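Working notes, beginning with the structure itself.
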Amino acid sequence: MSKLGWEPFSASQRKSRKDEDAMFTKHLIRLRNNEVGKIGDSIPEVVLTNSHDGRNAFTLHAGLFRLVCSNGLVIADTTFEQVKIKYFILKMKKKFTL
């Protein structure tokens, strides 16, 4: 993404309910391209969500986002494309006999 001009603009992590899960919570990274300007009051972004432990699908979507509150709340005006990749955990047991 960096080669195409999309750089991280902000990153956040959801607060965990349990202290032991703090390192495995869902996180969000917003990417912006400085070469692409605002469209009206909306900003083109690519938003990535993921979690460290695979409990949530890796999601990447592009769209036009608008700041609606001074506390940083952002809404999607338009979403162009979304890609979702679910994690599959395979447990394989092999038995070897000599």
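The values are calculated or read from the model by the stated rules, or taken from the named source; none is laboratory data. Values in this document were obtained by computation on a predicted structure and should not be read as measured data. Don't worry about glycine lacking a Cβ; one is built from the backbone with ideal geometry, like all the others, and counts go over all protein chains shown.
Quick grid of which residues meet (1) assigned to a helix (DSSP H, G or I); (2) surrounded by fewer than 15 Cβ atoms within 10 Å (Cβ to Cβ); (3) at pLDDT 85 or above; (4) on the phi > 0 side of the Ramachandran plot:
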residue: 7; (1), (2), (3), (4): no, yes, yes, no
residue: 16; (1), (2), (3), (4): no, yes, no, no
residue: 28; (1), (2), (3), (4): no, yes, yes, no
residue: 44; (1), (2), (3), (4): no, no, yes, no
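Restricting to the range 38-58, name every residue that is small (Gly, Ala, Ser) and closer than 18 Å to residue 10 by Cβ. Within the range 38-58, 42, 51 qualify. Scanning the range 59-77 for residues that are closer than 16 Å to residue 8 by Cβ, modelled with pLDDT of 80 or more and hydrophobic (A, V, I, L, M, F, W, C) yields 60, 62, 65.
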